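Undergrad: Encoded as structure tokens, here's the structure I'll be asking about.
The values are calculated or read from the model by the stated rules, or taken from the named source; none is laboratory data. Every value quoted in this text rests on a predicted model; they were computed, and no experiment measured them. Counting neighbours? That spans all protein chains shown, and the Cβs are built from the backbone with ideal geometry, glycine included.
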Amino acid sequence: MKLKIKPLSPKIGREIPLPYYATPGAAALDLHACIDEPVTIPAGGRVLIPTGLAVAILENHVGIVAVRSSMGIKNGVTLSNGIGVIDSDYRGPLGVGLHNLNKTPYTVQPGDRIAQLMIVPVTQHEIEVVSELPETQRGEGGLGSTGR
């Protein structure tokens, strides 16, 4: 399968790398900030950083944009909406909303790796309204109910 990527900026492939899998076992492609100059996210602030790309996600798949673990853990910067969902029929520009959870500003440099893009198969289900759900061993046990 191939992911079709449309560069929206002349910087892509020159100054800003195309998305790539960082290792042979990587589950997601790294996305980079396609910006002309550094962008500072104020403490507690949010910004939308362009990637300079549009993509064509295959039908019956979804693009999931996730934070890079090093951004969240080392820098306290995460996605402003938790995760991003790119539907297979969307062809517009990809932007990454970042939220600075720190009490100090954080600066994104041009070309920085800012997020990951994972392509995942999806199914759409028919909806059936029922009065009872099938029984399971766990039942209605919620958070922490499995003892782990």
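Undergrad: Select from the stretch 122-148 the residues that are surrounded by 10 or more Cβ atoms within 10 Å (Cβ to Cβ) and either farther than 29 Å from A66 by Cβ or small (G, A, S) (or both) and write down the one among them that is modelled with the highest pLDDT. Working first, answer last.
TA: Step one: filter the stretch 122-148 for residues surrounded by 10 or more Cβ atoms within 10 Å (Cβ to Cβ), giving 122, 141, 145.
Checking the rest, the ones that are also either farther than 29 Å from A66 by Cβ or small (G, A, S) (or both) come to 141, 145.
On the way: G141: 75, S145: 62.
Applying the filter and picking the extreme gives G141.
Undergrad: Please report, ordered by residue number, the strands (runs of 3 or more DSSP E) entirely within the stretch 70-148 with at least 2 residues that are over 30 Å from A43 (Cβ atoms) and in contact with a strand residue (DSSP E or B) (Cβ under 8 Å, 6 or more places away or on another chain). Before the answer, list the steps.
TA: Numbers: elements: 77-79, 84-86, 93-100, 106-108, 113-121.
Here the list reads 113-121.
Undergrad: Please work out if G52 is closer than 25 Å to P105 by Cα, free of Cβ contacts under 8 Å to residues at least 60 places away in the same chain and either assigned to a strand (DSSP E or B) or among the aliphatic types (A, V, I, L, M) (or both). First the steps, then the outcome.
TA: Details: closer than 25 Å to P105 by Cα: yes; free of Cβ contacts under 8 Å to residues at least 60 places away in the same chain: yes; either assigned to a strand (DSSP E or B) or among the aliphatic types (A, V, I, L, M) (or both): yes.
So G52 passes the test.
Undergrad: Quick check on my filter: what residues within the stretch 83-92 are surrounded by fewer than 17 Cβ atoms within 10 Å (Cβ to Cβ) and under 16 Å from I49 (Cβ atoms)?
TA: As a first pass, look at the stretch 83-92 and keep what is surrounded by fewer than 17 Cβ atoms within 10 Å (Cβ to Cβ): 83, 85, 87-92.
Within the stretch 83-92, I83, G92 meet the criteria.
Undergrad: Which one is modelled with the highest pLDDT, of the residues in the stretch 1-19 that are farther than 19 Å from P121 by Cα and loosely packed, with under 12 Cβ neighbours inside 10 Å?
TA: P10
Undergrad: Please name all residue pairs, on different chains or six or more residues apart, with Cβ atoms under 9 Å, provided the first residue is in the stretch 92-121 and is at pLDDT 95 or above and the second residue is polar (S, T, N, Q) and in a loop (DSSP other than H, G, I, E, B).
TA: V96/S80; G97/S80; G97/N81; L98/S80; H99/S80; H99/N81; P121/N60
Undergrad: Is there a residue being touching a Cys at 6+ places or on another chain (Cβ under 6 Å) and of a type outside the set (S, T, N, Q) anywhere in the stretch 124-132?
TA: Within the stretch 124-132 (the criterion being touching a Cys at 6+ places or on another chain (Cβ under 6 Å) and of a type outside the set (S, T, N, Q)), the answer is no, since none of the residues qualifies.
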